[in-house]
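A.B. asks: I have a structure I would like to understand better, so I am pasting it below and will then ask my questions one at a time.
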Amino acid sequence: DTVPTAVAKIIDQRCLMCHGAQVQMKNVRLDTAENIQKNKAMVYQQVVVTQQMPMNNSTGITPEERQIIADWAKP
């Protein structure tokens, strides 16, 4: 599976400051397509289902961006 460009862009803008090469909060790293795919179910759970990530919505993820993640990652 490949990661759609729109999903990669959202992760780049909204997630990498805490889950990138420099910092891996909770040991979650999302800076490569492989890592995004590996963590797909967790991303779905945290971003779409519980909406706990980004923490306190610190990066300003929009409902539309959450829907893009949902459309991609929905089990």
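The values are calculated or read from the model by the stated rules, or taken from the named source; none is laboratory data. Because the structure is a prediction, the values reported are computed rather than measured. No Cβ is skipped: glycine too gets one built from the backbone with ideal geometry, and neighbour counts run over all protein chains shown. Each accessible area value is taken on the protein alone, full model and side chains, heavy atoms only, with ligands, DNA and RNA left out. Shrake-Rupley method; radii C 1.70, N 1.55, O 1.52, S 1.80 Å.
A.B. asks: Looking at (1) surrounded by 13 or more Cβ atoms within 10 Å (Cβ to Cβ); (2) without any contact (Cβ under 8 Å) to a residue 60 or more places away in the chain, which is the one condition that is false for Ile68?
C.D. replies: Answer for Ile68: the failing condition is (2).
A.B. asks: So in segment 42-54, with the set limited to residues that are in contact with a helix residue (DSSP H, G or I) (Cβ under 7 Å, 6 or more places away or on another chain) and part of a helix (DSSP H, G or I), which one is nearest to Ala73 (Cα to Cα)?
C.D. replies: Looking at residues that are in contact with a helix residue (DSSP H, G or I) (Cβ under 7 Å, 6 or more places away or on another chain) and part of a helix (DSSP H, G or I), I get Tyr44.
A.B. asks: Name the single residue, out of those in segment 15-37 being assigned to a helix (DSSP H, G or I) and within 14 Å of Trp72 (Cβ to Cβ), that is nearest to the chain's Cα centre (by Cα). Outline the logic, then answer.
C.D. replies: Just the residues of segment 15-37 that are assigned to a helix (DSSP H, G or I), to begin with: 16-19, 25-27, 33-37.
Restricting the remaining residues to those that are within 14 Å of Trp72 (Cβ to Cβ) gives 33, 36-37.
On the way: Ala33: 11, Ile36: 7, Gln37: 10 Å.
My answer is Ile36.
A.B. asks: Under 9 Å between Cβ atoms, which residue pairs at least 6 apart in sequence (or on different chains) link something in segment 20-43 that is closer than 13 Å to Pro54 by Cα with a partner that is surrounded by 18 or more Cβ atoms within 10 Å (Cβ to Cβ) and modelled with pLDDT under 95?
C.D. replies: none
A.B. asks: Applying the selection to segment 31-42, what residues are open to solvent by less than 50 Å² (accessible area, probe 1.4 Å) and more than 14 Å from Pro4 (Cα to Cα)?
C.D. replies: If we filter segment 31-42 for residues that are open to solvent by less than 50 Å² (accessible area, probe 1.4 Å), which is where we start, we get 35-37, 39-40.
Result: Asn39, single match.
A.B. asks: Out of segment 19-30, which residues are surrounded by 19 or more Cβ atoms within 10 Å (Cβ to Cβ) and either on the phi > 0 side of the Ramachandran plot or of a type in the set (A, V, I, L, M, F, W, C) (or both)?
C.D. replies: The answer is Leu30, and nothing else.
A.B. asks: Count, please, the residues in segment 47-58 that happen to be under 21 Å from Thr5 (Cβ atoms) and open to solvent by 50 Å² or more (accessible area, probe 1.4 Å). Please lay out each step first, then the result.
C.D. replies: First, the residues of segment 47-58 that are under 21 Å from Thr5 (Cβ atoms): 47-48, 53-54.
Retained after the next criterion (residues that are open to solvent by 50 Å² or more (accessible area, probe 1.4 Å)): 53.
Total meeting the criteria: 1.
A.B. asks: Can you tell which of Thr62, Thr2 is in contact (Cβ under 8 Å) with a residue 24 or more places away in the chain and not small (Gly, Ala, Ser)?
C.D. replies: None of the other options fit; the residue is Thr2.
A.B. asks: Out of Ile68, Ile61, report the one residue that is modelled with pLDDT of 95 or more and in a helix (DSSP H, G or I).
C.D. replies: Working: Ile61 fails: in a helix (DSSP H, G or I).
Sole residue among the options that is modelled with pLDDT of 95 or more and in a helix (DSSP H, G or I): Ile68.
A.B. asks: Here's something else I'd like to know. Can you name the residue in segment 1-14 that is open to solvent by 30 Å² or more (accessible area, probe 1.4 Å) and in a loop (DSSP other than H, G, I, E, B) and is also modelled with the lowest pLDDT among such residues? Show your work before the answer.
C.D. replies: Just the residues of segment 1-14 that are open to solvent by 30 Å² or more (accessible area, probe 1.4 Å), to begin with: 1-2, 4-6, 8-9, 12-14.
Filter again for in a loop (DSSP other than H, G, I, E, B), leaving 1-2, 4.
Numbers: Asp1: 68, Thr2: 86, Pro4: 97.
Only one residue fits best here, namely Asp1.
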